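The values are calculated or read from the model by the stated rules, or taken from the named source; none is laboratory data. The shown structure was predicted, so the numbers you read here are calculated from the model rather than taken from an experiment. Using ideal geometry, Cβ is built from the backbone for each residue, glycine included, and neighbour counts are taken over all protein chains shown.
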Amino acid sequence: MSSILLIDDDENLSGLLGEYMREQGYIIHTAGDGQRGLRAFFDHKPDLVILDVTMPLKDGWDTLQHIREMSQSPVIMLTARGDESDVLRGFSLGADDYVSKPFSFAQLAARIRAVMARTGGNTPTAENLEAGGLKVDYATRRVTRDGEPVILTPTEFKLLTALMRHPGEVISAEDLVREVWGPQYKEEIGFVRRYIWHLRQKIEMDPENPQYIHNERGYGYRFGE
């Protein structure tokens, strides 16, 4: 049974959402602020974290940074609005998804299932990948560039391998969304652009002049040296 840590200072929301998610079959832990959330994360080692952005003592951004220092467990951010700057900030800090308030519990449950599906399973092939000094080891889920480790979130890892498995081929943003995020994200094409940007910051020597991930304007993205 999967466990979820809900970090939110809204006790009413936490109580109702926690009850709903328990009915869905999850073990639920809650914390009312970032400081207690980090302690709960260390104690319970949840399979997924739902993290509110606006909280007293330690906000969601600071909490997410500390979580990423300890773990690559998937994190879904709850934001009061879907501003581009908030979304980009969350992705840059390692968030796996975001949901804007207000939201339905069913919508959040669907996002949880999708995130767990893409971050918890094995990659479809056991074959390791290598291109121009960039190496992916599926057994350890380890990525290196010229021998130096590259730390990727589970979603970034899946996006990179989706591109590397088709070297030289142009893959549309729609196809990448279906493969990496799932068909329920078909309206979220912007995810691809944002994640490609962050992935380039990590794997490219010069992100403005990429060696690995190339834009094919109007068509999609191509992986190739």
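Of everything in the stretch 178-204 that is in contact with a Lys or Arg (Cβ under 8 Å, 6 or more places away or on another chain) and under 22 Å from T144 (Cα atoms), the residue that is surrounded by the fewest Cβ atoms within 10 Å (Cβ to Cβ) is I203.
Of all residues in the stretch 1-58, those satisfying the criterion of being in a helix (DSSP H, G or I), touching a strand residue (DSSP E or B) at 6+ places or on another chain (Cβ under 9 Å) and among the charged types (D, E, K, R) are E11, E19, R22, R36, R39, D43. If you take the residues in the stretch 183-196 that are of a type in the set (A, V, I, L, M, F, W, C) and touching a residue at least 24 places away in the same chain (Cβ under 8 Å), which one is nearest to A131 (Cα to Cα)? The extreme case among them is I196.
Could you say which residue among Q65, Q72 is assigned to a helix (DSSP H, G or I) and of a type outside the set (K, R)?
On the way: Q72 fails: assigned to a helix (DSSP H, G or I).
Only one candidate passes the filter, namely Q65.
Right, F105: modelled with pLDDT of 90 or more, aromatic (F, W, Y) and buried (at least 16 other Cβ atoms within 10 Å of the Cβ) or not? Against the criterion (modelled with pLDDT of 90 or more, aromatic (F, W, Y) and buried (at least 16 other Cβ atoms within 10 Å of the Cβ)), F105 does not qualify. Can you work out which of the residues in the stretch 115-143 that are at pLDDT 85 or above and touching a helix residue (DSSP H, G or I) at 6+ places or on another chain (Cβ under 9 Å) is nearest to W181 (Cα to Cα)? Restricting to residues being at pLDDT 85 or above and touching a helix residue (DSSP H, G or I) at 6+ places or on another chain (Cβ under 9 Å), the top hit is V115.
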